[in-house]
Structures are given as structure tokens and as C-alpha cells.
Amino acid sequence: MEYRGYDSAGVALINAQGQLNIYKAKGKVAELEAYASDKDTTGTIGIAHTRWATHGEPNTVNAHPHYSESERLAIIHNGIIENYAVLKAGLQKEGYSFKSETDTEVLIQLIEYTQVNKHVDLRTAVQLALQQVIGAYAIAVLDKDHPDTLIAARKGSPLVVGVGQEEYFIASDATPIVEYTDKVIYIEDEEVVKLSTKGQSTKGQSIKGQSTKDEGIEITTINNVQKTPEIKRLELSLSQLEKGGYPHFMLKEIFEQPRTLADSMRGRVNVRQDNIALSGFIDNKERFLNAKRIIITACGTSWHAGLIAMYAIEEFAQIPVEVEYSSEFRYRKPVINRDDVVIAISQSGETADTLAAIQLAKEKGAFIFSICNVIGASIPRLSNSGCYTHVGPEIGVASTKAFTAQVVALTMLALCIGKEKGTMSEEQYLHVVRALGQIPDKIECVLSQNKRIADFAKTFTYAQNFIYLGRGYNYPVALEGALKLKEISYIHAEGYPAAEMKHGPIALISQEMPVVVVAPRCGTYEKVVSNIQEIKARNGRVIAIVTEGDKMVSKIADYVIEVPETEECLTPLLTVIPLQLLAYHIAVVKGCDVDQPRNLAKSVTVE
Ligand code: F6R
């Protein structure tokens, strides 16, 4: 679970003597392992947590699990309890004291207070406490007086139960569970799970959509309505979660892109028949064809993929597109009409702001289409339709293979709409479909320059600032290149549309600030060449990404990386690869933690 947060870690275990032991450490799981190596870590029931701090700095006291007042209960929590201050004040009046600055400790105190004062069992206490909570949570609670029971619940933050052979698992996503079982139950919002040693026989379990006979799992809502658990089969293999000989997941994931993109297109792009079949589109054709507007909503790298899609959808389908940061969209009282199509893009499918944005759009009657990677995540489940990217788990915190697959999925969608609407010529459609089929091999070509990129990356580790420039389809690539660099190397970087340089950023140009220019030979190529001249005239150092055989830029840029020729709308799939590698190598030379950069988390389930 470490890729979801790693500023501190902790574990609570009930041992055979009925003692509830909690061990916590600041930093990564390895620190916790070292700390707990000489402690009693026995037990047949336990909860553990890796934290991404919301309330209170990352330290041992604020790390989870948290005890209740009597130290009888322990809790771990993802999410934010928004009304924690009011709840805390009420509990303080009742004599409860608090050791940490966290909202989580308030919740466990509230659960204990409810249990003691209302004389109810743990599950009822959790249900009643959660009825008073405003905010988002995925929690797991232990009671040392009942070492045969674990209570968990969710709202807004994901939670999945794994059903093994005489054992259960509960986690924020399926990745840590796959090592032990492929049978999972996805918990829904406001559901409370009781896991106990009562059932435990896995005989009689049915898969997908049928109830389980396992008496050890009971699901209710926070209002105590009974629910029927549905066991689903995971399509995930353990090898997908390993580095496979690469020093970092990020490098492995960059190198996987020829295969992952082929997987994303498999069964969808048929080069022999010159056709694209996207079932999520085919089944809902009318919604797209009648759409007066398409709104794309996403965060971070996924938002950059959305920006590229804006160019493609407007060019091929001639439908106006707006690209929105989910966090702004959800709060700015946007105008959403019933005939709007809203496309949500999310690798994890759990990003809190994107989830809230589509909830809002759905309430207003818009049709929701999502592009997600994690199967069964909250966003695809809430959507009316969608398209999975099928790139396998992305473990490196900086997104790489998910981005290129999102661009492919969105381009396929743009082509489907354009063809169906008749807004693009047959010839243009055929060219792009054929060119899409060649992308995996062309990425392979770009990857073969890895060593050269690694060599010249060393030259740039001195830099404190970078500028990335691009135009048209490659303006979002400039943004993405800059984001990759700042995320993992901690070098400040800005992405700009190249022509905007003259309106301010040109003042920054000096020998000390490298400028990366994405300049494939298409679209506004000549204009970008002029922009490079302007930089050189001011003594700037230019790293250019160009099309193979480029003569003009090669003469003026300091470093040149070539990518194969392709259709303009597909150039981002090639030009982004050197930028991923550049960021990676600069970060490695600087000694940064590439897979787990400071302050970041893979899945942002808090707003
Ligand atoms: C950047 C990165 C983030 C995510 C963003 C959205 O490398 O990984 O910017 O793109 O947090 O995440 P998803 O796509 O899971 O919604």
C-alpha cells in the first residue's frame, strides 16, 4: 500500500494473550520494520497503515493506528473528517483527551464514547459514530476485547475486502491482496463490514454478482440496512506488481509503453479492417452524436491527457470541448446541460475531486463517460459508460504509461465520433487509424535512445529552473514534461504554449535555465523554430524534441532528440517519451526517490 502515502507507517496487532500492540514509525514501511523487529509482532488479527498527512505533521504521534481513550480500540483511517473540531470539543467536555493532532483520533474516541454510553457492540458504535461524521473515510477498527472481529467502513475513500482460505484481507485497493487471493468484494459508500472468525470456510462461495455463504462477512449500511456481499474475481497478477529487473517502477513503466499501448488498442483498433470499435461509444452513440458540448474533467497528468483530447475531438468531431480541473469545476457552480457529455479521466479511478465532479454532472443529467485504468474503481462504477485503459497497475507515483494510454483512448473516441458524425474525411480517418497501429513500434524506437538521454541528463542536474515549450497538440506535452520533472527531481519547471513566451517568460531566459522545446515537424513547426531562434538569441540552452531527419532545429538547438514521424494528433505519444526519460534520469542523478517522491501520493482520495 506504500505507493498511496509514505510519510509514516504503523501497525496494530492483537496477540494470543489479548494484548493490543501498536508500533509506529516516521518515514517508510522499512523504518517501521526496523523499529518493530525486536517487538512482539504475533497475532492473528491486525490493521496497518501508511500515511499521507492531512491533519498534523508526519511524525510518530500522528501516525496511525490510533488508540481510543481506554486503549481498548484501535483505528486506521484514510480521508478527512471535516467536522472533527466540533466532535473533538464535545468529547473533550466529556473528559476525553487527545494525544495527536489528527482527525482520526477524534473518530476512534467518538466510537468508544458511543460504545460505552449507549451500551452497544462495536459495529453499532461505528455505525452511530459515522452517522455524525461529515467528510470522507475508509476505516478499520479493532477491539482487543473481541479479537475475533474487525469492523471496516467507507465513504468517499475506497475499500476492498479479500476473501482467502480461512483468512480475510481489507485494503484501499486490490494490489496488496492479489498475493493472497483473487476473490474480492468492493465496499460501497456508507457500508460497514464486519469480518469475523465465525464463517471462515471458503466453500460455497460464488463469484460475481451472487451472494457469499461465508458467514464471516456481514455488510450493512451505516443505518443498519443488510446488504448482500458480492464476490468478484480479480484480473491482476503478482508479476505486474514487481520491478521485473528495472531499478525503479517508473523506468519499468516507461519501457512498458509499447506493450501497454498495444494492450489498450487490442480488440479496439483493427488495422486490417481500418476500423476502431469502442464498445462504450457504440452502446451510447446517440449521446455523443447529439452532444452540443463535451466537458472533460480530470486532475494532474490526466488533465494534460484531457487537453490533448480537446484538440483531437474539436478537429475530428467538431464538438466544442471544455477541459476542467475537477477541483475547480466541482465548486464553481458550472452550467451543465442534460445533453452535455462529461468525460472523466483518472488512472486510479478514485481521485476525490474527479469523483465529486462527475457526481455533480450526473445529478444535472449529463452523460458520464470515464477513461480509467483501475478496474472496478469508484469513478468507472459511477459513470454511465467508459473505456478502461488496460495498462496494468501503475506503481510509480509519477504517471507515465497511464498518460499515453489515456491519450490513445481519447484519440480512439475522437475518431469514433468523427467518423460517425461524418465530420472527418474517410482518408484522414484511415491515416490516423493506421498510424495508431504503428505507435508501439515507434515508441520502441524512441526508447532506444535512453542511454543518450541518460548521458546528457547529467549536464542539467545543476539547473534550478526549466521551461518547457510546445504548441498545438504538443503544448499539453510541454505541461506534462514540466510536471514530471518537478514531481520527481524537485527542480522548478514551467510549461508554456511556445508563443506565450514573449509575453513574460522570455525575461527568465539565461544560460542557467534550460529550455525544452517540443518541436515535431507538423502544425505550427515553423513558428516553433522562430521561438527557438528567439531563445538562442538570448543565450538560452535548448533541448529540442524533433522529428527524425529534422534539419532546421538540429542546427540551432544544443541537444536534439529525434522521434519518428507520425500523424500530428499522435505526436504527443512519441514526444512525451523523451521527457519522461529526461525527468527520470535527472532525478536519479540527483539521488531523488523516483518512485515515491516527497509529499506525493499515487491516489489522491482527499480533496
Ligand atoms: C502526476 C500524477 C498526478 C495524477 C493526478 C490524477 O504524475 O500522477 O498528477 O495524474 O493525481 O490522478 P488520477 O489519474 O488517478 O485521477
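The values are calculated or read from the model by the stated rules, or taken from the named source; none is laboratory data. Keep in mind that this is a model prediction, so the values were computed, not measured. Don't worry about glycine lacking a Cβ; one is built from the backbone with ideal geometry, like all the others, and counts go over all protein chains shown. Side chains included, ligands, DNA and RNA excluded: accessible areas come from the protein's heavy atoms. Shrake-Rupley method; radii C 1.70, N 1.55, O 1.52, S 1.80 Å.
Tabulated values for the structure
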| quantity | calculated |
| --- | --- |
| Between the range 284-325 and the range 328-361, the alpha-carbon center distance in angstrom | 12 |
| From the C-alpha gyration tensor of the range 416-461, square roots of 5λ in Å | 37, 12, 7 |
| Loop trypsin sites (Lys or Arg not before Pro), the range 330-382, which have at most 11 other Cβ atoms in a 10 Å radius of their Cβ (DSSP) | Arg332, Arg338 |
| Computed label-point distance, nm, for sites Gln511 and Asp455 using a 7 Å Cα→Cβ extension | 2.3 |
| Calculated from backbone phi, Karplus (6.51, -1.76, 1.60) coupling profile of the range 224-229 in Hz, x at Gly/Pro | 6, 8, 5, 10, 9, x |
| Highest average packing first - 400-408, 592-600, 95-103, 155-163, Cβ atoms within 10 Å | 400-408, 155-163, 592-600, 95-103 |
| Span from the the range 76-91 Cα centroid across to the the range 403-453 one, whole angstrom | 48 |
| Gyration tensor (Cα) of the range 513-607, equivalent ellipsoid semi-axes in angstrom | 29, 17, 13 |
| Efficiency of FRET between Glu33 and Gln132 - r from beta-carbon atoms, R0 51 angstrom, step 0.05 | 0.90 |
| Viscosity 1.002 mPa s, 20 °C: Kirkwood-radius Stokes-Einstein D of the range 510-558 over Cα pairs, µm²/s | 200 |
| Inverse of mean 1/r across different Cα pairs in the chain, Kirkwood, Å | 25.7 |
| Mean Cα-pair separation over length for the range 452-607, i.e. relative contact order, pairs under 8 Å, 6 or more apart, % | 27 |
| Solvent-accessible heavy-atom area per residue, rounded to whole Å², over the range 148-193 at 1.4 Å | 32 |
| Carbon + sulfur, % of accessible area of the chain - ligands and nucleic acids excluded, 1.4 Å | 48 |
| Radius ratio Rg over Rh of the range 392-487, counting only Cα atoms, Kirkwood formula for Rh | 1.04 |
| Contour excess over end-to-end distance, with Cα ends at Lys243 and Arg266 and 0.36 nm allotted per residue | 5.9 nm |
| Amide H contacts under 5 Å for Val563, placed H, 5+ residues apart | Val546, Thr547, Glu548 |
| Listed pairs Lys39/Lys602; Lys227/Lys362; Lys421/Lys484; Lys28/Lys252 exceeding 28 Å between Cα atoms | Lys39/Lys602; Lys421/Lys484 |
| Computed helical MRE - 222 nm, the chain, DSSP H runs ≥ 4 contributing -39500 (n - 2.57), nearest 500 | -10500 deg cm²/dmol |
| Partner aspartates and glutamates for Lys364 [C-alpha distance under 19 Å; skip if fewer than 8 residues away on the same chain] | Glu286, Glu322, Glu324, Glu328, Asp339, Asp340, Asp353 |
| Probe 1.4 Å, protein heavy atoms only - accessible area per residue of the range 278-389 in square angstrom | 36 |
| Cβ-based net charge around Lys28, under 12 Å, with every Lys or Arg adding one and every Asp or Glu removing one | -3 |
| Solvent-accessible area of Trp52 with every protein chain in place, 1.4 Å probe, in Å² to the nearest 10 | 100 |
| Exposure ranking of His49, His431 by accessible area [1.4 Å probe, largest first] | His431, His49 |
| For Val323, distant residues with modelled amide H under 5 Å away | Ile296 |
| Total formal charge among the other residues, if their Cβ is under 14 angstrom from that of Ala356, Lys/Arg +1 and Asp/Glu -1 | -2 |
| Cut-off under 5 Å, modelled amide H: who pairs with Ile45 long-range | Ile14 |
| Kyte-Doolittle mean at least -1.0 and Cα axial length at least 15 Å: DSSP H helices in the chain | 103-118, 300-316, 352-363, 401-421, 426-447, 475-489, 525-536, 571-589 |
| Net lengthening on full extension, Gln226/Lys285 (0.36 nm per residue, minus Cα-Cα) | 17.5 nm |
| Total formal charge among the other residues, if their Cβ is under 15 angstrom from that of Ala409, Lys/Arg +1 and Asp/Glu -1 | +1 |
